[in-house]
Amino acid sequence: MLIKDLLAKESIQEEHVVVKGWIKTARHSKNLSFLEISDGSCFKGIQAVVEGNLENYDSEIVRVNTGCSVIVTGKLVTSPGKGQKYEIQAEKVEVVGWVQEDYPLQKKRHSYEFLRTIAHLRPRTNTIAAMLRVRNATSRAIHNFFQERNFIYVHTPIITASDSEGAGQMFRVTTLDLNNLPRNEQGEVDYTKDFFGKPSYLTVSGQLEGETVAMALSNIYTFGPTFRAENSHTSRHIAEFWMIEPEMAFCDIHGNMDLAETFLKYLIQHVLDTCYEDLEFFDKFLEKGMIHTLQNIISQPFARITYTEAIDMLLKSNKKFEYPVSWGIDLQSEHEKYVTEECLKRPTIVTDYPKNIKAFYMYLNDDEKTVRGMDVLCPKIGEVIGGSQREERLDVLLARMKECGLKEEDYWWYLDLRKYGSVPHSGFGMGFERFIQFVTGIPNIREAILYPRVPGYVEF
């Protein structure tokens, strides 16, 4: 039986149980040992009290220490100790796996930098184990949210020939011999000899392909890995991450904002309901007041302002920012945090960004200077969700692509959607790890994923 199920019991009748897990701490004396055991099912472990009359007490039990794997059979009883509801009176302890003396995870605080060097072992730490349980709970909530609203889950390709963001920060996929590249008459790499017959890349987003399905099934969502070849070393960026991307036909920017706000609140409530002990740990050791922050987010409506209004707030603040403020700039993290934490003191949805800093597919407003893009900004973290009403007008989309230097022939299938039964449609994307970083207070996004992929680092 899982430890979380044992600890969740309202009452017990001194029943026999079997627990399988790993030793977190061990205290030994001549005739008595106290073993704290974790199986990863919840934040707390359970204590096993082992008396010295067990057959293997002197030969094995007194030698177990942090990291050893055990199977404990015994009676589940009410614990007389403080801070623990139940404990196990051990009748049998089987040591399944021993730990060598050089085991790097002793019972002490380790730096995140050190733990990344042993990423294959760090799920055994409190921080990473709690993070993984929050990831699991959030993943389940994501699917529940969309399925309850009749969205259809689709799987978009990981390998693509198109750049949905138009930024060119993509990982190339090739089977060509890099030591003997084929060349055409112009001396350029001849990609007709490559596996797909043309340049191909790891996807940065499933949005464009998602739009094709929304034009047939109305409301869809994707949830899968994406890749960005950004040479970024910040605490908010990694090269491989997961994205949640809904696309909705017959939906404008207002419906998009409504869904994004409801979605975030739903996920936060689910994490509060299912991972409260993990959040208590994060609140105590990583980000004090995090639980209060999360509760405040779900208890009040999000603010909604335009990009121009946000710029005015920043200019009127008389605050000296590292990145100077002027209309037309891309909002930086420090700007986003100021708006949400000091001005409006709540999550904020910013809309109507200058077209020159947003993607080609966003709906062009009548002023021809701004587009119906939206970013959902949260205190502590900044942008969590980015989205837009998509441009459904063929002539406008063609003009925007020309402005951005994109070739029509590369997006012929995307343009077809505007020729054959086009409708107003909207969608957004949320970086899964960015959300996990936000709800846990983990300072670096590299601790919000099992094996981080960043510039110069692809271990494990």
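So here's what we get for this one:
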{"quantity": "Qualifying residues in the stretch 339-354 (those that are part of a strand (DSSP E or B) and touching a residue at least 60 places away in the same chain (Cβ under 8 Å)) - the one surrounded by the fewest Cβ atoms within 10 Å (Cβ to Cβ)", "calculated": "ILE349"}
{"quantity": "Residue match in the stretch 215-235 (condition: among the basic types (Lys, Arg), without any contact (Cβ under 8 Å) to a residue 40 or more places away in the chain and farther than 27 Å from ILE305 by Cβ)", "calculated": "no"}
{"quantity": "Residue list for the stretch 405-457, restricted to those being acidic (Asp, Glu) and surrounded by 20 or more Cβ atoms within 10 Å (Cβ to Cβ)", "calculated": "GLU433, GLU447"}
{"quantity": "Options TYR153, TYR86; residue that is touching a residue at least 24 places away in the same chain (Cβ under 8 Å) and assigned by TED's automatic domain parsing to the domain that holds GLU55", "calculated": "TYR86"}
{"quantity": "Any hit, the stretch 313-324, residues being polar (S, T, N, Q) and more than 14 Å from GLU383 (Cα to Cα)", "calculated": "yes"}
{"quantity": "One residue from PHE285, PHE302 being touching an Asp or Glu at 6+ places or on another chain (Cβ under 9 Å) and either more than 26 Å from LYS358 (Cα to Cα) or hydrophobic (A, V, I, L, M, F, W, C) (or both)", "calculated": "PHE302"}
{"quantity": "Residue list for the stretch 104-137, filter: surrounded by fewer than 14 Cβ atoms within 10 Å (Cβ to Cβ) and assigned to a loop (DSSP other than H, G, I, E, B)", "calculated": "PRO104, GLN106, LYS107, LYS108, ARG109, SER111, HIS120"}
{"quantity": "Residue list for the stretch 164-197, filter: closer than 28 Å to GLU392 by Cβ and in contact with a Ser or Thr (Cβ under 7 Å, 6 or more places away or on another chain)", "calculated": "SER164, GLU165"}
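The values are calculated or read from the model by the stated rules, or taken from the named source; none is laboratory data. Here the structure is a predicted model, which is why all the values come from computation and not from measurement. Neighbour counts run over all protein chains shown; Cβ positions are idealised from the backbone, glycine included.
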